[in-house]
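Undergrad: Pasting a structure below so you can have a look.
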Amino acid sequence: MSSRALAWALVLLLPIQSCDDAARDAVQRLRRPVLEAPMHVLSDDARPGLIVAAALALVSGTAGRALLGETALALVPVNLAVEGLKYLVNRPRPDGERRRSNAAFPSSHAANAFAIATVLSRRWRRGAPAFFALAALIGFSRLYLNRHWLSDVAGGALLGVALALAANAAWRRWRHTRSATRAA
């Protein structure tokens, strides 16, 4: 990267970092012992719930299996994009951790939570506020636990929604084409 490009990148990113610093300071002032356990549950302990949900979807018939397929289809490109961006950006985490394989930007927790919320909201529109509220709480937990900057969470959320919508559109096109082929 040329020195001119690096200078422009710094000029463009400085306002983002100052917003990230301000958000981090504000969220860290909110930390209370009573909130530590719930934030860790939101951030770190969601996998058992996802496994149970996947098992329920598998045994709930065609609709459940279709939902599971849509979710998996959405999560594959989301996670590929997240891991690629983490490697390319290599942003240190706010707690000081510096590992390229686990860089801060974008937040994979936020990307996955918002991708799942998007898939579920397309299926059950009335539940959309609850799905996105839970995704937002997961994203907030990453700020609260000082593992991500606000821009990491926002970037992950946008990436999760965008790629889930794209995967959902591809899934629907494929199903429509498959149905048309069977009918012919």
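Undergrad: Please go through region 73-113 and pick out each residue that is crowded, with 17+ Cβ neighbours inside 10 Å and among the basic types (Lys, Arg).
TA: LYS86, ARG91, ARG93
Undergrad: Do you know which of the residues in region 139-157 that are of a type in the set (D, E, K, R) and in contact with a Ser or Thr (Cβ under 6 Å, 6 or more places away or on another chain) is farthest from ASN90 (Cα to Cα)? Give the derivation first.
TA: Step one: of region 139-157, the residues of a type in the set (D, E, K, R) are 142, 147, 152.
Then drop every residue that is not in contact with a Ser or Thr (Cβ under 6 Å, 6 or more places away or on another chain), which leaves 142, 152.
Numbers: ARG142: 17, ASP152: 12 Å.
Of everything passing the filter in region 139-157, ARG142 is farthest from ASN90 (Cα to Cα).
Undergrad: Counting just the residues of region 147-184 that are in contact with a helix residue (DSSP H, G or I) (Cβ under 7 Å, 6 or more places away or on another chain), modelled with pLDDT of 90 or more and not small (Gly, Ala, Ser), which one comes out surrounded by the fewest Cβ atoms within 10 Å (Cβ to Cβ)?
TA: Looking at the filtered set, the residue picked out is LEU165.
Undergrad: Is at least one residue of region 12-22 under 21 Å from LEU150 (Cβ atoms), assigned to a helix (DSSP H, G or I), at pLDDT below 60 and more than 23 Å from the chain's Cα centre (by Cα)?
TA: yes
Undergrad: Taking the condition of being within 30 Å of ARG122 (Cα to Cα) and out of contact with any Phe, Trp or Tyr (no Cβ under 8 Å at 6 or more places or on another chain), how many residues in region 75-98 meet it?
TA: Residues in region 75-98 being within 30 Å of ARG122 (Cα to Cα) and out of contact with any Phe, Trp or Tyr (no Cβ under 8 Å at 6 or more places or on another chain): 10 in total.
Undergrad: In region 90-115, what count of residues is obtained for those that are hydroxyl-bearing (Ser, Thr, Tyr) and either at pLDDT below 90 or more than 23 Å from ALA72 (Cβ to Cβ) (or both)?
TA: Applying the first criterion (hydroxyl-bearing (Ser, Thr, Tyr)) to region 90-115 yields 101, 107-108.
If we keep only those that are either at pLDDT below 90 or more than 23 Å from ALA72 (Cβ to Cβ) (or both) too, we end up with 101.
Residues in region 90-115 being hydroxyl-bearing (Ser, Thr, Tyr) and either at pLDDT below 90 or more than 23 Å from ALA72 (Cβ to Cβ) (or both): 1 in total.
The values are calculated or read from the model by the stated rules, or taken from the named source; none is laboratory data. Note that the coordinates shown come from a computational prediction; the quantities given were computed from them, not determined experimentally. For neighbour counting, all protein chains shown are included, and Cβ atoms are generated from backbone atoms with ideal geometry for every residue, glycine included.
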